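Heads up: the structure comes next, in structure tokens.
The values are calculated or read from the model by the stated rules, or taken from the named source; none is laboratory data. Computed from a prediction, not measured in an experiment: that's the story for all the values here. Quick reminder, even Gly has a Cβ in these numbers, built from the backbone with ideal geometry, and neighbours come from all protein chains shown. Protein only, heavy atoms only, side chains kept; ligands, DNA and RNA dropped before computing areas. Shrake-Rupley method; radii C 1.70, N 1.55, O 1.52, S 1.80 Å.
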Amino acid sequence: MKEIAKAKIQATAEENQNLFFEYLRLESVSTQGRMISETAEFVKQLIEDFGGKAELLNDLGGHPIVCGFFPAGQKGNSEKTLLFYNHYDVQPEDPLEEWKTKPFEPTIIDGVLYCRGVSDNKANFMARLNAIQLLSESEEGLPCNVKFLIEGEEEIGSPTIDLYLEKHADLFKADACIWESGSKDSEERFTIDAGIKGIAYFDAWVESAEVDIHSSKGAVVDNAAWRLMHALSSLRTKDHQVIIDGFYEMMTPPTELEKSFVEKTPFNGEKLKENYGLKHPLIVEKLDRTPQEALILYPTLTISGLLSGYTDPGSKTVLPRKAQAKIDVRLVPGMDPENVYEVIRKHWDKKGFKDVQLKLLTGEKSFRTDLTDPFVDIVLNSAKKVYGEDVVLNPNSPGTGPMHGFGEHLNVPILGSGTSWAKSGAHAPNENIRLKDFYQGIEHMINLMNEFGLIN
Ligand SMILES: [Zn+2]
């Protein structure tokens, strides 16, 4: 295969800049339903402009999904199909006063391109299209078939994606998938995620009376706040170990290969303390796991909110009738949201907290690519050619996304690649990418498709 010169990559990206900017100007804020159908139509047209076939799917409700297809060139491997997952929706642009530029007017300052949605995740889609054009125009042509699934509901939790994947599994059938995102870290190391954690999010509450009561009655009357605190503290020790029967037992033990990648991922505890102004030691200091293992291989159990009684200034001597908490559990492979509900429920029942209510609000399963799949090496090696030897591979990211349905219905390895950097500010004001990262992103996609087309 022939390499494509960096100058040629940049020139092509510049020729396509007008189309990129038109895409960025579309205010596709999914949570507010702004310009959703216009943007879906635009994305369909864009795929056609780059020589592909495209259609919109909306037979199962929700925002339209754009489905795209580019066949392998004459010398390419038509037996191999790569699926790209992207989303055309973006987060709201507020707070407006914190933007240095107009949020939906793409603006380049000193090699940095500012616009809402550029990092998350419109640039990644454009980088992929640029790579497809450059390969298609080369002597060898496109090395493999390429499919796109571009949804419009990622920023609102992808509520319908699994329905579409299940019904249209044949349409999206592929041998491997490149996820929407990827970034360099604060030390400029290119980072690839080969999975995601899942999540189970709960409401927990307890009621101890019909009405709030004068606190003098605390001499004889139980109190919802104390009750909930005892129930919550029965879940985890002071040293941060979760002590729910069956909680850690659900985890699928990580393989040696997964552990070896985890060991190599960087972690800077001092920087973390500084960035957040942490006032307590890191909890892993008391646990039998490294920070990397905790972030990637272990579940979390987080109290995300607490509400009870009087919390305004001054004193009000009241005994609260109700106490509520929000509980957020990040899941690793082997853990289902429903199973997590079951073990917490059983634990409370056994410990005498039958009166403490628990409700699963949302759940998403985790996903981890089989790291022995040859596609993992293709993604890694093609990245090293662009980004150097320092490329980091996380068996799964500590965060969550709609990856599980892709694994379940399409049965593909899934890895991320993207053009963001440590200060891209996704979801925040002044969202941006660096143009040099954009060109590298195109180069990575070119190398990756070239290598992918070669495997039998
Ligand atoms: Zn996002």
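Reported count of residues in the range 287-323, each being under 30 Å from Gly334 (Cβ atoms) and open to solvent by 70 Å² or more (accessible area, probe 1.4 Å), is 4. Condition check for Ile283 on (1) free of Cβ contacts under 8 Å to residues at least 40 places away in the same chain; (2) of a type in the set (A, V, I, L, M); (3) open to solvent by 70 Å² or more (accessible area, probe 1.4 Å): one failure, at (1).
I'd like to check something: does the range 150-169 contain any residue that is closer than 25 Å to Leu24 by Cβ, modelled with pLDDT of 95 or more, in contact with a Leu (Cβ under 7 Å, 6 or more places away or on another chain) and buried (at least 24 other Cβ atoms within 10 Å of the Cβ)? No, that holds for no residue.
Condition first: within 16 Å of the ligand (Cβ to nearest atom), in contact (Cβ under 8 Å) with a residue 40 or more places away in the chain and in contact with a Pro (Cβ under 9 Å, 6 or more places away or on another chain). Can you find one or more residues in the range 144-152 that meet it? Yes: one or more hits.
Consider the range 68-98 and keep the residues that are surrounded by 18 or more Cβ atoms within 10 Å (Cβ to Cβ) and aromatic (Phe, Trp, Tyr). The one that is farthest from the ligand (Cβ to nearest atom) is Phe70. Considering the range 318-416, the qualifying helices (runs of 4 or more DSSP H), each wholly inside and each with 3 or more residues that are more than 22 Å from Gly182 (Cβ to Cβ), run over 337-350.
When you go through (1) on the phi > 0 side of the Ramachandran plot; (2) in contact with a Gly (Cβ under 6 Å, 6 or more places away or on another chain); (3) within 16 Å of the ligand (Cβ to nearest atom) one by one for Gly141, which number turns out not to apply? Here Gly141 clears every test but (3). Exactly one residue among Lys286, Lys279, Lys351 is basic (Lys, Arg) and in the same structural domain as Ile243 (by TED's automatic domain parsing), and that residue is Lys351.
Checked against the criterion of being more than 16 Å from the chain's Cα centre (by Cα), modelled with pLDDT of 95 or more, within 30 Å of Asp377 (Cα to Cα) and of a type in the set (Asp, Glu), the range 191-207 contains not a single residue that satisfies it.
Checking each residue in the range 153-164 for being within 14 Å of the ligand (Cβ to nearest atom), part of a helix (DSSP H, G or I) and among the charged types (D, E, K, R) picks out Glu154, Glu155.
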